[in-house]
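J.: Please find one structure pasted underneath; my questions will follow.
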Amino acid sequence: MPVLKQLSTLVIDCADPVALAAFYQKATGWEITHSDQDFASLGDGTPVQLAFVRVEGYQAPGWPGGTTHTHLDFTVTDLDGAAEELLGIGASRPEFQPGDGQWIVLADPEGHPFCLTADTTGN
């Protein structure tokens, strides 16, 4: 029997948890489940939530050659359309784009990279 039963939360270090949770709430449509100056979280009723924790002196990860240790991937139905919507709510698009158009790398307002991939299942 495994020791770890269920992944419950992905916690992301940041300077402003409230603002970053608001960005991801707009991007995902998920509900904010907690929000204060030091910690904010959101989810969609599934077992896994996104959370953001304030870190004093936070330094944004670099892309492509910085200190990024992890990033989020999101599946979308319209790759270019989703990218444009996310850019409109505060994401940025780094110049370096690997993958030959198979995915798009964006960064949230605090510089965390995340990827958009096309849903090829038709769901």
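The values are calculated or read from the model by the stated rules, or taken from the named source; none is laboratory data. Keep in mind that this is a model prediction, so the values were computed, not measured. Methodologically, a virtual Cβ is constructed for each residue, glycine included, from the backbone with ideal geometry; neighbour enumeration extends over all protein chains shown.
J.: Return the residues of region 85-101 that are surrounded by 12 or more Cβ atoms within 10 Å (Cβ to Cβ) and over 24 Å from Phe52 (Cβ atoms); say none if nothing qualifies.
T.: Keep residues of region 85-101 that are surrounded by 12 or more Cβ atoms within 10 Å (Cβ to Cβ), which gives 85-87, 89-94, 97.
Selection gives Gln97 alone.
J.: Working only within region 27-40, note down all residues that are of a type outside the set (Val, Ile, Thr) and exposed (fewer than 15 other Cβ atoms within 10 Å of the Cβ). Break it down stepwise before answering.
T.: Start the filter on region 27-40 by keeping residues that are of a type outside the set (Val, Ile, Thr), which leaves 27, 29-31, 34-40.
Residues satisfying the conditions are Gly29, Glu31, His34, Asp36, Gln37, Asp38.
J.: Are there any pairs with C-beta distances below 6 angstrom linking a residue in region 38-63 that is farther than 20 Å from Thr9 by Cα to a residue that is part of a strand (DSSP E or B) and among the polar types (S, T, N, Q), with the two at least 6 apart or on different chains, and if so which?
T.: Listed by first residue and then by second, the contacts come to nothing, as the list is empty.
J.: So, of the residues in region 102-123 that are surrounded by fewer than 17 Cβ atoms within 10 Å (Cβ to Cβ) and either among the β-branched types (Val, Ile, Thr) or within 16 Å of Ala15 (Cβ to Cβ) (or both), which turns out to be modelled with the highest pLDDT?
T.: Thr117
J.: Right, Thr70: within 15 Å of Leu10 (Cβ to Cβ) and of a type in the set (S, T, N, Q) or not?
T.: Values: within 15 Å of Leu10 (Cβ to Cβ): yes; of a type in the set (S, T, N, Q): yes.
In short, yes.
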